[in-house]
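Any read-out appearing in this document is the output of simple, stated calculations on the displayed coordinates, not a laboratory observation. Remember, it's a predicted structure, so these values are computed and weren't measured experimentally. Note that each Cβ is placed from the backbone with ideal geometry, even for glycine, and that neighbours are counted across all protein chains shown.
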Amino acid sequence: MGEVYKNVVCPFCGCLCDDLEVVVENGKVVSTKNACPISKTKFLDHSKDRAKPQVRKDGKLIEVSMEEAINKAAQILKESEFPLIYGLSSTESDAQRLAVELAEFIGGSIDSTASTCHGPTIVAAQGCGAVKCTLGEVKNRADLVIFWGCNPAEAHIRHSVRYSVTPQGMYVRGKKERFIVHVDVRETRTSRMADMFVKVEPGKDYELLSALRAVIKGYEVGDVAGVPAEMIKQLAERMKGCRFGIIFFGMGLTMSSGKHMNIDAALRLVRDLNDHTKFTITPMRGHFNVAGAGEVLTWITGYPFAVNFSRGYPNYNPGEFSAVDLLFRGECDAALILASDPVAHFPIGASQHLAKIPTVVIDPKVSLTSLIAEVVIPCAIAGIESEGTAYRMDGVPLRLRKVVDSPYPTDREILEGILRRMKGC
Amino acid sequence: MLIKNGLVYDPLNGIEGEKMDIFVKDGKIVESGDGGETIDASGFVVLPGGVDIHSHVVGSKVNLGRLMRPEDHRKDPVPKTEITRSGVGYTVPTTYITGYRYALMGYTTVMEAAVPPLGARHAHEELNDIPMVDKGAFILMGSNHFVMKYVAEGDLEKLKNFVGWLLKATKGYAIKLVNPGGVENWKWGRNVNSLDDKVENYGVTPREIVRSLAKVNEELGLPHSIHVHCNNLGSPGNSSTLIETVGSIGAEMGGPGSGESTNETLKGTAERIHITHIQFNSYGGEDWATISSAAEEVAKTLNKKKNATCDLGQVIFDDATTMTADGPWQHKLYKLTGNKWYNSDVEMEVGAGIVPYTFKPKSLVNAVQWMIGLEVALLVEDPWRVVLTTDHPNGGPFYHYPKVIAWLMSKKAREETLGKIHKSALSRSTLPSIEREYSLYEMAIVTRAGPAKLLGLKNKGHLGVGADADIAIYEFKENDIEGSFSRAKYVIKDGEVVVKDGRIVKEHWGRTFLVNPKGELMDEMKEEFSKYYTVSLDNYPVQPEYLPRCEVVPCR
Ligand code: SF4
Ligand SMILES: [Zn+2]
């Protein structure tokens, strides 16, 4: 029998389920309980595809000592005029704090993966605020749950069971006491758990949200965004008439045309609804600690992402200092990628620039980005091989556990090493 | 270290402007010294480091405030130096800048006044990123599920167990109540309007919550009293709620207050209550058009009730970011101003709201609010029961404290501002006719000795042997009081010079104060916890890793 760890926090998606049971034998995870299939695979495969310390020599990545890899990383950052630090969302908050310190020290830019998913959410909230709550409020009180432009059935698998659809809450017990709505451009597995599916024409979310606002304010509307007038009216009535409502939204809303304007419309809709009842809204954050990256950046710099330090103090400008834009314009001359895999997600032009400049990758696993890197530094997997803090999609902070030893140092130790080398000389 | 020839003000030891030497060794004040650094304080005043009893500097709500105000930060970028980190200031400063700015004005201890238990881990993470000062966290309990449940059942034993456990689990310092009961009702979009309104589903009243927690606070022997943000905060005519709240606690005791008699009273086991940002709850009138000051009545109540203390929540004419756990009030403020609004409800425990705001001298309401804070401070006879705060960043940022000091110490400074405010306000408060001016000694009480005493921090707020060597040295100029206290000549923290000539010369890391009262979670609580929270009980208490530098303050 191996060692059993209970109530382990899952370090994979923004749900941050903290009820996992993990069994470890001979330094390897052999089984899990309560984990969703995504989580289970990640735990069981934690030792597969591990990165190795590597430095590119004559165009080829050659395995080197950790020491040499870290030295080389420090040298690259030191020689750079305008470095970019990017990622942050799949590591713990102490590593994120050090990444900010490093960005400040070298006078570079720092950005998290939020800029390519919920950046528009943040920008919209900076314009009008937001009415949010923790997931337990949803579990205990929400009798109307709307999933808009997101697919929790596939991307946040246990969300519905733990928080939003089926749990037995204090005032709302189970699915039969909740009304579930799914708004999206097409039916998905999430629609199957919904009591009402609203099919919106692609790129027309802003129109539909605005129509709902209008109806709630007492105006008449016709068919909008491919949704019949009657259905809009029905949904608006439900929203006004519930005791406690919530909208969960995802990249279907943040990354479709309109971007932050979509979110602005959604946030204002929810704000208006608070004249009638209790209504809240929460983004479905993807990476397990992308929320933490925002928190850390904000308490140290005042700004949640897309921050630049070249003037010696933090400057914020999404579109100017966000990673994709910096790379597209070819402005940065070196990059440090931490806890994310931009080459897998970025538009090709941005990835091409990453491949052109010296790029340092700190990652536990071989990633697409590590293949184009100048330096690869393997690290422990936060939440499996090292402890630290992560922030759930609703801002609740939890402590990640260490269940197995890592052959590699933690992100935190690696960043400390780079900082020490840079400050030392 | 020797601090030589300074004019020392140390109210807790009865020292009022005496020229004397102070010796420091190993971070403490000692009887006599043998060499080391000498600071020539001739011509300067020497005070204990300032103690802020109520400020919002860290945690989920403060960070949402930062997040939603990029337009604010741009007005006040702070570059890094050889010694200090960069950040932004203005109304919601980043953690590093918060620490530096407190230190620059000679403050060395700061209490974060509103931490939701579920977010305590976050608050401690940020506290660990505030340099220079010592700190602590007040834990929000006034609308906590278990608190209301046991108040409803009248089971003080269970309540005591829960409260004691919660303080330990969150690594908190004191019990905080914000609009007790009202915050729970806000979770259904409603509020309470009086001390006797019922909290939905629980059937308890704010009065019962306040009284029960006051009792439990003393039975646990916590160093600080309960710390209360009253119901109806912000609304015209709300002084009656405040007076009733104070009246509901303990018995009337003691004769007219000298510092000593008050200190005695505070040592006893009588129930105590601290009313925070009293300005926001001292309004007369019926609506926004008729709003007036009720400071006279409020001060009368405080002069009589020796077990009640307050801090000001003084308004500054400048930009502010209002942020409280009082969700329904913040919603009302959003409706009043049309400004952006953040709301954040926390399962089983509490909520929060944030709305940017600007206090303008030509606004009648703002002018009355400005007058009330000072009026209370000047009408309450006993300075040991008044603490200077702005409820940062609600009434205005903390780095404006020197302005408030000037208004308290100088009638002339008040008259200058009175000349600029909305004329109709002048007849709505007695402030224009008040002659009192605080002495330096009284100023030292309301900014350091008093709050240290009220917090039960025995090593703070004074310069007696054994005290922590937190010392602020100022060049005091009668004709520039604000300037005198804005930038200290020297600040010594734990025996090290950290500020010199108004500049940070050393980054220092302070400690976090905790309490360790009795109280264990009972089985029925565990069961209910696992039913209704969305985190496991195992993962709820703040782990020791978040307290790298801490000090347990003993219960009384
Ligand atoms: S839903 Fe997300 S947090 Fe929960 S087990 Fe699956 S991957 Fe982990
Ligand atoms: Zn406050």
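With contacts taken as Cα pairs under 8 Å at a separation of at least 6 residues, the range B:3-68 carries a relative contact order of 35 percent.
Between the amide H of residue B:510 and those of B:132, B:133, distances stay under 5 Å, these residues lying 5 or more places away or on another chain, with hydrogens modeled in the peptide plane. How would the range A:126-166 be classified by its alpha-carbon gyration tensor: rounded, prolate or oblate, with rounded meaning a/c under 1.5 and the a/b versus b/c comparison settling the rest? In terms of gyration-tensor shape, oblate.
The base-10 log of I(q)/I(0) for the protein assembly as shown, evaluated at q = 0.08 Å⁻¹, reads -0.77 [Debye formula, identical scatterers on Cα atoms, solvent excluded]. Counted as membrane-span-like here are DSSP H helices of chain B whose alpha-carbon atoms extend 20 Å or more along the helix's own axis and whose Kyte-Doolittle mean is -1.0 or above; these are B:206-220, B:364-379. Report, in degrees rounded to the nearest 10, the 0 to 90 angle that the Cα long axis of helix A:119-128 makes with the longest principal axis of chain A. The angle comes out at about 50 degrees. Give the dimensionless ratio obtained when the Cα radius of gyration of the range A:40-158 is divided by 2.2 N^0.38 Å. Normalised Rg, Cα atoms only: 1.50. Summarising the amide proton neighbourhood of residue B:387: residues at separation of 5 or more, or on other chains, whose placed amide H is nearer than 5 Å comprise B:310, B:311, B:312.
Using only side-chain charges placed at the Cβ, +1 for Lys and Arg and -1 for Asp and Glu, the dipole size of the range A:3-44 relative to its Cα centre rounds to 140 debye.
List, in the order given, every pair from B:300/B:362; A:52/A:402; B:19/B:135; A:423/B:80 whose Cα-Cα distance in the structure shown is over 25 Å. Cα-Cα > 25 Å for B:300/B:362; B:19/B:135; rest within.
Dipole magnitude for the range B:415-556: about 300 debye, using +1 per Lys or Arg Cβ and -1 per Asp or Glu Cβ, origin at the Cα centre.
Annotation for the range B:329-379: trypsin sites (Lys or Arg not before Pro) lying in DSSP loop with at most 14 further Cβ atoms inside 10 Å of their Cβ are B:362. With equal scatterers on the alpha carbons only and no solvent term, can you work out the Debye log10 of I(q)/I(0) for the range A:200-239 at 0.23, 0.34, 0.35 1/Å? With one equal scatterer per Cα and no solvent, log10 I(q)/I(0) is -0.63, -1.25, -1.29. A convex hull fitted around the alpha carbon atoms of the range B:478-556 yields 207 Å³ per residue.
Every helix of 4 or more DSSP H residues in chain A counts as -39500 (n - 2.57), and over all residues that averages to -10000 deg cm²/dmol at 222 nm.
Rounded to whole Å, give me the distance from the Cα center of the range B:453-485 to that of the range A:208-272. Cα centres, the range B:453-485 to the range A:208-272: 56 Å. When every alpha-carbon pair in the range A:119-283 is counted, what percent end up more than 29 Å apart? Result for the distance tail: 9 percent. Across every pair of non-identical alpha carbons in the range A:363-416, the mean reciprocal distance, once inverted, gives a Kirkwood radius of 12.3 Å. Our compactness index for the range A:3-44, the C-alpha radius of gyration over the empirical 2.2 N^0.38 Å, is 1.04. The convex hull of the Cα atoms of chain A, projected and averaged over all directions, covers 20.6 nm². For the range A:173-213, the C-alpha radius of gyration sits at 1.31 times the compact-globule guess of 2.2 N^0.38 Å, with N the residue count. Judged by the mean number of other Cβ atoms found within 10 Å, the most tightly packed of the peptides A:219-227, B:312-320 leads the ranking B:312-320, A:219-227. For a modelled paramagnetic label at residue A:63, 7 Å from Cα along Cα-to-Cβ, no residue of the range A:332-359 is in reach, as no backbone nitrogen comes under 18 Å. Listed peptides A:282-292, B:365-375 appear in the order A:282-292, B:365-375 once ranked by packing, highest mean of other Cβ atoms within 10 Å at the front. Report summary: the helix-based calculation at 222 nm, which adds -39500 (n - 2.57) for every DSSP H run with n ≥ 4 and divides by the residues of chain B, gives -9000 deg cm²/dmol. Taking amide H positions as placed 1.01 Å from N in the peptide plane, with prolines and chain starts having none, which residues 5 or more places from residue A:200, or on another chain, fall under 5 Å of its amide H? Excluding prolines and chain starts, which carry no amide H, the hits are A:184, A:185.
Shown here for the range B:22-124: trypsin sites (Lys or Arg not before Pro) in loop regions (DSSP other than H, G, I, E, B) with at most 16 other Cβ atoms within 10 Å, namely B:74, B:75. Counting Lys and Arg as +1 and Asp and Glu as -1 over every other residue whose Cβ lies under 14 Å from the Cβ of residue B:489, the net charge comes to +1.
Would you work out if the range B:1-159 is rounded, prolate or oblate? Take a ≥ b ≥ c from the square roots of the eigenvalues of the alpha-carbon gyration tensor; rounded if a/c is under 1.5, else prolate when a/b is larger than b/c, oblate otherwise. Judged from the Cα gyration tensor, the range B:1-159 comes out oblate (a/c at least 1.5, b/c at or above a/b).
Rounded, prolate or oblate: which fits chain B, taking a ≥ b ≥ c as square roots of the Cα gyration tensor eigenvalues, rounded meaning a/c under 1.5, else prolate when a/b beats b/c? In terms of gyration-tensor shape, rounded.
Straight Cα distances below 20 angstrom link residue B:500 to the aspartates and glutamates B:21, B:26, B:37, B:40, B:82, B:134, B:468, B:470, B:475, B:480, B:482, with same-chain residues fewer than 8 positions distant left out.
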